[in-house]
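These notes are about the structure you will find just below.
The values are calculated or read from the model by the stated rules, or taken from the named source; none is laboratory data. Just so you know, these numbers come straight off a predicted model, no measurement behind them. Please note: Cβ atoms are built from the backbone with ideal geometry, for glycine as well, and neighbour counts cover all protein chains shown.
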């Protein structure tokens with residue numbers, strides 16, 4: 001990957017369909033978010049994401065704020081990615097492998113409106129840590145579906 005893409009991969013012992021259902025449901029994002037910034041989906045968010053869908057999230061990084069995302073990549077059970085006003089993309093890629101699914105989460109700054117600002121804020125380094133935590137939480141939620149609020 002280039003210096004503009006930060007990603008981590010983990011094999012999670014679950015089928016791609018199971019993992020994708022969590023990723024495609026904005027109401028579940030706060031359950032597996034490893035950054036600690038995602039609080040809840042906005043009431044008008046769709047129950048399931050599709051290509052072009054917009055969904056709002058309540059966030060908190062020091063102070064509460066709202067973020068609206070647009071799904072810009074979507075391949076059922078294989079890939080989902082969204083972008084917000086900053087232009088960068090959060091992406092999840094799923095690949096079935098022996099023992100489960102290889103999940104790669106990426107923070108992609110190639111389309112960011114201000115990659116310099118993201119670097120000054122140390123976003124790549126912070127997001128790498130958050131991605132690792134997200135993949136860990138995703139594995140935990142999949143192993144114990146009761147944690148997802150289902």
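A few remarks follow.
- Residues considered: 95, 17. Of these, the only one that is in contact with a strand residue (DSSP E or B) (Cβ under 6 Å, 6 or more places away or on another chain), surrounded by fewer than 16 Cβ atoms within 10 Å (Cβ to Cβ) and in contact (Cβ under 8 Å) with a residue 24 or more places away in the chain is 95.
- Members of region 43-56 found to be touching a residue at least 24 places away in the same chain (Cβ under 8 Å) and either exposed (fewer than 12 other Cβ atoms within 10 Å of the Cβ) or out of contact with any helix residue (DSSP H, G or I) (no Cβ under 7 Å at 6 or more places or on another chain) (or both), listed by number: 48, 50
- Checking region 79-89 against the condition returns a match, with at least one residue being within 15 Å of residue 127 (Cα to Cα), in contact (Cβ under 8 Å) with a residue 24 or more places away in the chain, in contact with a helix residue (DSSP H, G or I) (Cβ under 8 Å, 6 or more places away or on another chain) and surrounded by 15 or more Cβ atoms within 10 Å (Cβ to Cβ).
- All of (1) closer than 28 Å to residue 15 by Cα; (2) assigned to a helix (DSSP H, G or I) hold for residue 71 with one exception: (2).
- Residues of region 115-149 satisfying the condition of being assigned to a loop (DSSP other than H, G, I, E, B) and either touching a residue at least 60 places away in the same chain (Cβ under 8 Å) or within 18 Å of residue 82 (Cβ to Cβ) (or both): 149
- Top-ranked residue of region 100-116 - restricted to ones that are at pLDDT below 95 and over 21 Å from residue 38 (Cα atoms), ranked as surrounded by the most Cβ atoms within 10 Å (Cβ to Cβ): 115
- Identification of strands (runs of 3 or more DSSP E) wholly contained in region 1-65 with 3 or more residues that are within 13 Å of the chain's Cα centre (by Cα) yields 5-12.
- Reported count of residues in region 122-140, each being over 14 Å from the mean Cα position of the chain (by Cα) and surrounded by 12 or more Cβ atoms within 10 Å (Cβ to Cβ), is 4.
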